[in-house]
Amino acid sequence: MTVFSMRDFANHEQVVFCSDERAGLKAIIAVHNSNLGPALGGCRMWPYASEEEAVRDVLRLSRGMTYKSAMANLKLGGGKSVIIGNPRTQKTPELLAAFARALERLNGRYIAAEDSGTSVADMKFMAQYTAHVAGLSDKPTEDGMRSGDPSPATAYGTFIGIRAAVKEALQRDSLEGLRVAIQGVGNVGFDLARQLHEAGASLWVTDIHQDALERARSELGATVVAPDEIFGLDVDVFAPCALGAALNDQTIPQLKARIVAGAANNQLAEARHGVELMRRGILYAPDYVINAGGIIDIYHERIGFDRAALIRHIEGIQDNLLEIFARARKEERPTGEVADAIAEERFGK
Ligand code: NAD
């Protein structure tokens, strides 16, 4: 396996392979860029089929974090880590402690947060061994406290982003009567659905878990459709909130929505799909811009939590998107390309 010449290597500052035989730890920590501050990003635990797959994933994800944090005006760099293994069967206290010790050895150049396969509870556990974990503190909300889970902040940012996209593409401020199709009503998707429902939107939802769908139907009056029906609905907005690569050669031709705006990471299967959306007159809110609420939430936890400041910062997602949309319109370029250019200006590529 080559690393330096991988497409996703993209000038990473540092890639660290960590192991602890007794604890069964095999992990990779990637620091893409630290121009703006320490690299912060999730720690993913996944039973990768090969080491190469794990390397590719960590490099791609950590590079993405540099762009996400720079775009969100955070004093953070981009990084990510992966632990190779099945989180259901192989995540032991010994393994988490060994990983935490590996973090500690990096002296804060990389800060880990929860991701697929790790949880707030895991971060709290690791905090016994290292100072370099985030997303652990309970935070005040309008009606009580919530855990360190950044999902509500991500959902709020996505809601703000949908409002910005509606303003740009449909020239309207109100979401009353807006028709939205949501793919995936998990932690983020359900909370987004609730906010859209409260703003007067009509919802169509899909998921692979029946209980999530039943909740959206009974609590929010959402219409439930099968997973492969969600793309072709006659709606205004398609909101991908499940897995990556929702926008690809099979799904884009089905879209009737004028807007694609959702929380999922890596929504475009390939960059050319952003060009295809533009060609079809579909406005795409770049994923890492609209879903930055979670990282903004974690950043505010680190600088001293002030709820009003957090909300103002998340609402800045609207300004970022409006700037991207205006520049993309003027320069006749895909929104994703314009977002990358702005992020690169901000982190000084
Ligand atoms: P989640 O696992 O809670 O929710 C994802 C939902 O998608 C689940 O209910 C799952 O059943 C459903 N799903 C999976 N495959 C599907 C398919 N083929 N068709 C329809 N539904 C399917 O995850 P989440 O935390 O809500 O995150 C959702 C997306 O947002 C992910 O792409 C994640 O990377 C991204 N994201 C999340 C955050 C955050 O703060 N949680 C931050 C930034 C980005």
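The values are calculated or read from the model by the stated rules, or taken from the named source; none is laboratory data. Bear in mind that the values here come from a model prediction, so they are computed numbers and not experimental data. Ideal geometry is used to build each Cβ from the backbone, glycine not excepted, and the neighbour counts take in all protein chains shown. These area figures cover heavy atoms from the full protein model, side chains too; ligands, DNA and RNA do not enter into them. Shrake-Rupley method; radii C 1.70, N 1.55, O 1.52, S 1.80 Å.
The loop-placed GluC sites (Glu not before Pro) in the stretch 307-336, going by DSSP, that have at most 11 neighbouring Cβ atoms within 10 Å of their Cβ come out as GLU332. The stretch 307-349 and the stretch 44-110 have Cα centres lying 25 Å from one another. Across the stretch 172-183, computed HN-Hα scalar couplings (Karplus, 6.51 cos²θ - 1.76 cosθ + 1.60, θ = phi - 60°) run 9, 9, 8, 9, 4, x, 5, 9, 10, 9, 10, 9 Hz from first to last residue, x flagging Gly and Pro.
Using the heavy atoms of the protein chains alone and a 1.4 angstrom probe, what is the accessible area of the chain per residue in square angstrom? Kindly include the intermediate steps, with their values, before the conclusion.
Values: 15400 Å² over 349 residues.
For the chain, the solvent-accessible area averages 44 Å² per residue.
Applying the Karplus relation 6.51 cos²θ - 1.76 cosθ + 1.60 with θ = phi - 60° to the stretch 144-156 yields 3J(HN,Hα) values of x, 10, 10, 6, x, 3, x, 3, x, 5, 4, 5, 5 Hz, where x marks Gly and Pro. Using the Cα gyration tensor of the stretch 1-140, with a ≥ b ≥ c the square roots of its eigenvalues, what is the shape: rounded (a/c below 1.5), prolate (a/b larger than b/c) or oblate (neither)? Oblate shape, in that a/c is at least 1.5 and b/c is the bigger or equal ratio. Its relative contact order, with pairs defined as Cα atoms under 8 Å and 6+ residues apart, puts the stretch 151-347 at 23 percent. Normalising the average separation of contacting C-alpha pairs (under 8 angstrom, six or more residues apart) by the number of residues puts the relative contact order of the chain at 15 percent.
Counting only protein chain heavy atoms and rolling a 1.4 Å probe, the accessible areas of LEU36, LEU192 rank, largest first, as LEU36, LEU192. Of the trypsin sites (Lys or Arg not before Pro) found in the stretch 110-201, those that fall in a DSSP loop while having at most 14 other beta-carbon atoms within 10 Å are ARG172.
Take the Cβ atoms of ALA226 and SER174, set R0 to 22 Å, and the FRET efficiency comes out at 0.15.
Counting other C-beta atoms within 10 Å, and keeping those with at most 14, which DSSP coil GluC sites (Glu not before Pro) do you find in the stretch 107-190? Could the numbers behind the result be given before it?
Numbers: sites: GLU114, GLU142, GLU168, GLU176; in loops: GLU142, GLU176.
Sparse-neighbourhood loop GluC sites (Glu not before Pro): GLU142, GLU176.
Find the relative contact order for the stretch 1-89 and round it to a whole percent, using C-alpha pairs within less than 8 Å whose residues are 6+ positions apart. Numbers along the way, then the final one.
Values: 186 pairs, mean separation 31.1, N = 89.
With pairs under 8 Å counted, the relative contact order is 35 percent.
Taking amide H positions as modeled 1.01 Å from N, with prolines and chain starts lacking one, the residues under 5 Å from TYR284 and 5 or more places away or on another chain are VAL260, THR335.
Given a 1.4 Å probe and every protein chain left where it sits, what share in percent of the accessible area of the chain is carbon and sulfur? Don't skip to the answer; put the middle values down first.
Details: 7380 of 15400 Å².
Summing carbon and sulfur atoms, their accessible area is 48 percent of the total for the chain.
For the pair GLN210 and ARG101, label points projected 7 Å from Cα toward Cβ lie 4.6 nm apart.
Rounded to whole numbers, the Karplus 3J(HN,Hα) couplings from phi for the stretch 272-283 are 4, 5, x, 5, 5, 5, 4, 4, 8, x, 9, 7 Hz, using 6.51 cos²θ - 1.76 cosθ + 1.60 with θ = phi - 60°, and x at Gly and Pro. Remark on ILE111: its backbone amide H falls under 5 Å from those of ALA39, LEU40, GLY41, a criterion applied only to residues 5 or more positions apart or on other chains, H modelled at 1.01 Å from N. Dipole orientation for the stretch 219-349: of the candidates LEU277, PHE305, ASN265, LEU277 has the Cα lying most toward the positive pole (charges on Cβ; Lys, Arg +1; Asp, Glu -1). Here LYS256 is the anchor, and the aspartates and glutamates within straight C-alpha reach of less than 18 Å, apart from those fewer than 8 places off in the same chain, are GLU168, ASP228, GLU229, ASP234, ASP236, GLU276. With the cut-off at 1.5 for a/c, could you classify the stretch 180-334 from its C-alpha gyration tensor as rounded, prolate or oblate? Here the stretch 180-334 falls in the oblate category. Close amide-amide hydrogen proximity is noted between TRP204 and VAL180, ALA181, ILE182, THR223, each under 5 Å apart and 5 or more residues distant or on a separate chain (H modeled in the peptide plane; Pro and chain starts excluded). Based solely on its DSSP helices, what 222 nm [θ] is calculated for the chain when runs of n ≥ 4 H residues each add -39,500 (n - 2.57) and the sum is averaged over all residues, nearest 500 deg cm²/dmol? Calculated mean residue ellipticity at 222 nm is -13000 deg cm²/dmol. If R0 is 35 Å, what FRET efficiency do you get for ALA199 and ALA49 from their C-beta distance, rounded to 0.05? With a Förster radius of 35 Å, E is 0.25.
With the cut-off at under 20 Å, measuring from each backbone N in the stretch 280-310 to a point 7 Å along the Cα-to-Cβ line of GLU219 picks out 294.
Computed over neighbours whose Cβ is under 12 Å from that of GLY117, the net charge equals -1, Lys and Arg +1, Asp and Glu -1. On the beta carbon distance between ARG279 and GLN128, with R0 = 41 Å, the FRET formula returns roughly 0.20.
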